[in-house]
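**Q** A single structure is presented below for examination.
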Amino acid sequence: MYAAQNSYSAIAIGVSAGGFEALAQLLPAFPKDFDLPIFITQHQLMDADRNGFIAKYYSQRCNLPVHEAYHGTQIKAGHIYHSVSGYHLQIESNGSLTLSVAPPLNHAIPSIDILFESAVEYYQSGLVGVVLTGQNTDGAVGISTIKAYGGLTIVQDPDGAEARSMPDAAIAATQIDAILPLDEIGPFLAKLSNRESP
Amino acid sequence: MSAQDKVTSVPDLDLEVLEIHLLLTAIEQRYGYDFFNYAMSSLKRRVRNIQCDENLSSISELVPKILHDPQMFDRFLVEMSVTVTRMFRNPQIFKRIKESLLPKLHTYPRIKIWHAGCATGEEVYSMAILLAEADLLKKTHIYATDYNNQSLAIAEKGIYPLEKMQDFSKNYLAAGGQCSFADYYHAKYEHAVMASILSKNITFAHHNLMRDQSFGEMNIIFCRNVLIYFDQILQDKVLTMMRDSLIHRGYLVLGDRETISFTGISESFTEIEPRSRIYQKQPEISGF
Ligand SMILES: C[S@@+](CC[C@H](N)C(=O)[O-])C[C@H]1O[C@@H](n2cnc3c(N)ncnc32)[C@H](O)[C@@H]1O
């Protein structure tokens, strides 16, 4: 099992096919006073969601504010930042968000590996990485990097996942700390808040 | 080997910061390009890419190579530049330009437009097409600039792979194009050659936003998907220069996910409509 650490600094979530429903179920689990920033990279089609519907949709269902990621946004605790179509989402060394139009990685832009790898360099062992449903292998390299830095790694149980190849790839890539069914991931993450720790 | 045995090694991040600093110092002093204000997370990924391609065991091994071999510097520039682009990228922005901006331009005797960071030129030809359809192209001069000479050369030739035309044509229609996109190029083997009438009034030029000044008095400046390469300081510097080179009530067009909200010049512009990414320069508020 994972080494229980008192406090984590941030959560990074990667999700692809079936992600919309998965996040709609997971995100409402975070309480109002949850005090870690949460980053989500969700695969999307080119030019999708130009009106910011996704962030609004989750915002209405969550206790935490959900934002689309813009270049230069300063990261705030207790806020959720969602990737946008056509741009990689990265965490910058000064605690802000950076977008990039670098070539797709694992056929994906945004790529989960790119989010994970940049986030773990900033948060190091304080990062919690989560791979959810998806038909791809994106996130597998990134989650092993998170593991290598001593961060906490969580993967959705492939058996119940809408698409299992992404969780399968993550599990094959490194020793995952917790493999959980979707309905347990939200409550599990919600407990990682600093406020709740002694 | 089981999954459990695979170890991913963690780089020494502090050392890497030092190595990147040495590399950027070498580049600045030898070639005069100051990359210190590029967004570090993206820069790092690009540098690691070169390190990997060149089979180097550390980033600092790149320093002597770049110092002694100008071609290696060109390689660095091209890697940093990431020229991913398309015709009518985010067509709805072009549609908005066509509907809201072009009608206003008719009143000007001469029009000047600047595409900063034009990459391989698709954005420039897209605009030229819209101008042609609005009967404005003849009185317009377009400046298309980039710091990547390789991509500028492609832009100047206006020759693109034929297979891309389907995607471009779809975007053209989504942007409200009135004719057929095929009217604007002719096929030559595997390539599409853009019609020469489009490029008659375009000047392609090398221009480095880190350092070079403006061309003055523009009606519209396009700076799309370029600011995301920069940190806050360089963004502010570049945006200030652009503001100063726009005419009274001129327009600045940014990329689909770029905003001036977090920058020092947000007061100088108003977005013509929320999420349009089209900003209009506001009259200066005097201090008195
Ligand atoms: C992703 S492309 C954008 C092309 C086009 N504007 C679009 O949105 O499709 C970004 C371009 O910005 C250029 N660029 C980056 N830094 C620059 C600088 N300091 N000076 C001039 N051009 C720069 C790159 O070379 C690249 O061609």
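The values are calculated or read from the model by the stated rules, or taken from the named source; none is laboratory data. Because the structure is a prediction, the values reported are computed rather than measured. Cβ coordinates were reconstructed from backbone atoms using ideal geometry, including for glycine residues, and neighbour counts include every protein chain displayed. Heavy atoms of the whole protein, side chains included, go into the accessibility calculation; ligands, DNA and RNA do not. Shrake-Rupley method; radii C 1.70, N 1.55, O 1.52, S 1.80 Å.
**Q** In region A:26-73, which residues are out of contact with any Phe, Trp or Tyr (no Cβ under 7 Å at 6 or more places or on another chain) and at positive phi?
**A** A:Asp47, A:Asp49, A:Gly52
**Q** Take the residues in region B:97-120 that are near the ligand (Cβ under 9 Å from one of its atoms) and small (Gly, Ala, Ser); name whichever of them is farthest from B:Gln51 (Cα to Cα).
**A** B:Ala116
**Q** If you don't mind, another one. Search region B:221-238 for residues that are within 7 Å of the ligand (Cβ to nearest atom) and pair each with any residue that is open to solvent by 40 Å² or more (accessible area, probe 1.4 Å) when their beta-carbon atoms are under 9 Å apart and the residues are at least 6 apart or on different chains.
**A** From residues that are within 7 Å of the ligand (Cβ to nearest atom), the pairs are B:Asn225/B:Val84.
**Q** Would you kindly identify the strands (runs of 3 or more DSSP E) lying entirely within region A:40-155 that contain at least 3 residues that are within 13 Å of another protein chain (Cβ to nearest Cβ)?
**A** Ranges flagged: A:88-91, A:97-100.
**Q** Filter region B:52-96 down to residues that are more than 16 Å from the ligand (Cβ to nearest atom), closer than 19 Å to B:Asn148 by Cβ and assigned to a loop (DSSP other than H, G, I, E, B), then give me how many there are.
**A** The number of residues fulfilling the criteria is 1.
**Q** Here's something else I'd like to know. Among the residues of region B:214-244, write down those that are among the polar types (S, T, N, Q) and modelled with pLDDT of 95 or more.
**A** Hits for region B:214-244 are B:Asn219, B:Asn225, B:Gln235, B:Thr240.
**Q** Pick from region B:58-102 the residues that are among the basic types (Lys, Arg) and away from chain A (no Cβ under 14 Å): which of them is least open to solvent (accessible area, probe 1.4 Å)?
**A** Top of the filtered list is B:Lys98.
**Q** Okay, next question. Looking only at region B:18-29, how many residues end up being surrounded by fewer than 16 Cβ atoms within 10 Å (Cβ to Cβ) and more than 14 Å from chain A (Cβ to nearest Cβ)?
**A** 4
**Q** Pairs needed: first member in region B:116-138, more than 15 Å from B:Ala175 (Cβ to Cβ); second member anywhere, near the ligand (Cβ under 7 Å from one of its atoms) and part of a helix (DSSP H, G or I); C-beta distance under 7 Å; at least 6 residues apart or different chains.
**A** B:Ala119/B:Ser151; B:Thr120/B:Ser151
**Q** Do we find a residue being within 14 Å of chain A (Cβ to nearest Cβ) and either open to solvent by less than 20 Å² (accessible area, probe 1.4 Å) or not in a helix (DSSP H, G or I) (or both) anywhere in region B:30-40?
**A** Yes, some residue in region B:30-40 is within 14 Å of chain A (Cβ to nearest Cβ) and either open to solvent by less than 20 Å² (accessible area, probe 1.4 Å) or not in a helix (DSSP H, G or I) (or both).
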